[in-house]
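Okay, so here's the structure we're looking at.
Any read-out appearing in this document is the output of simple, stated calculations on the displayed coordinates, not a laboratory observation. Here the structure is a predicted model, which is why all the values come from computation and not from measurement. Backbone-built Cβ (ideal geometry, glycine too); neighbour counts: all protein chains shown.
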Amino acid sequence: EVEAIELKFTELGALGTCMSGSGPTVFGLFTDGNDAIEACEYFLDHGYENRAYVTKFHQPASKCMNYADI
């Protein structure tokens with residue numbers, strides 16, 4: 001099932017996919033937020049109700065470049 005989920009993420013535009021540790025989380029990395037939302041909606045509509053989410057990366061400002069440069 002993990003391979004099928006990773007393949008679907010790729011088909012939906014993910015740059016890469018991974019499973020966290022030994023599971024149960026499989027995630028896709030997107031550069032386009034709209035693609036991420038579409039992927040989430042796909043999984044919500046295909047058996048993963050209440051188990052699909054879109055999130056953003058968070059890195060404290062002290063560890064980042066100047067936000068104006070991003």
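May I ask you to compute the full-extension gain from residue 22 to residue 44, defined as 0.36 nm times their residue separation minus their alpha-carbon distance, rounded to one decimal in nm? Write out the running numbers ahead of the final one.
Numbers: separation 22, 0.36 × 22 = 7.92 nm, distance 2.23 nm.
Between residue 22 and residue 44, full extension yields 5.7 nm more.
Please give the FRET efficiency for residue 2 paired with residue 31, using the beta carbon to beta carbon distance and R0 = 22 Å, rounded to the nearest 0.05.
Values: r = 23 Å, r/R0 = 1.03.
The value I calculate is 0.45.
Give me the extension gain from residue 53 to residue 11: residue separation times 0.36 nm, minus the current Cα-Cα distance, reported in nm with one decimal.
Working: separation 42, 0.36 × 42 = 15.12 nm, distance 1.76 nm.
Working it through step by step, the gained length comes to 13.4 nm.
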